[in-house]
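Here's the structure, in structure tokens; my notes come after.
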Amino acid sequence: MKPADERLVDLEVLAAEQERTIAELSEQIAQQWKTIGELRRKLDALTDRFLALEEQTAPDIPVTRPPHW
């Protein structure tokens with residue numbers, strides 16, 4: 001069994017490594033949310049453009065009475 005001092009140092013090293021890993025993961029998540037926001041704005045803009053183009057190119061369908069009337 002390791003001496004208490006050595007075990008304490010091992011635990012401190014482990015805690016420091018976990019803290020660094022958590023900070024790195026947190027930064028990655030923040031960057032991903034930023035990317036998601038940018039992509040969502042671009043998708044909304046493209047959707048608006050598509051709907052506008054679709055509206056411009058859609059043929060006007062005349063309102064007529066069905067043949068059985």
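The values are calculated or read from the model by the stated rules, or taken from the named source; none is laboratory data. Since we're looking at a predicted model, the values are computed, not measured. Glycine gets a Cβ as well: all are built from the backbone with ideal geometry, and neighbour counts include every protein chain shown. What goes into the accessible areas is simple: the full protein's heavy atoms, side chains included, and nothing from ligands, DNA or RNA. Shrake-Rupley method; radii C 1.70, N 1.55, O 1.52, S 1.80 Å.
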Checklist entry - Pairs, please: C-beta under 8 Å, at least 6 apart or cross-chain, first residue at pLDDT 95 or above and in the stretch 1-18, second open to solvent by less than 80 Å² (accessible area, probe 1.4 Å) and among the β-branched types (Val, Ile, Thr)? => result none
Checklist entry - What are the residues in the stretch 12-69 that are among the basic types (Lys, Arg) and either surrounded by 10 or more Cβ atoms within 10 Å (Cβ to Cβ) or assigned to a helix (DSSP H, G or I) (or both), if any? => result ARG20, LYS34, ARG40, ARG41, LYS42, ARG49
Checklist outcome for this item: Flagged in the stretch 1-11 as open to solvent by less than 80 Å² (accessible area, probe 1.4 Å) and of a type outside the set (Val, Ile, Thr), in numbering order, are PRO3, ALA4, ASP10
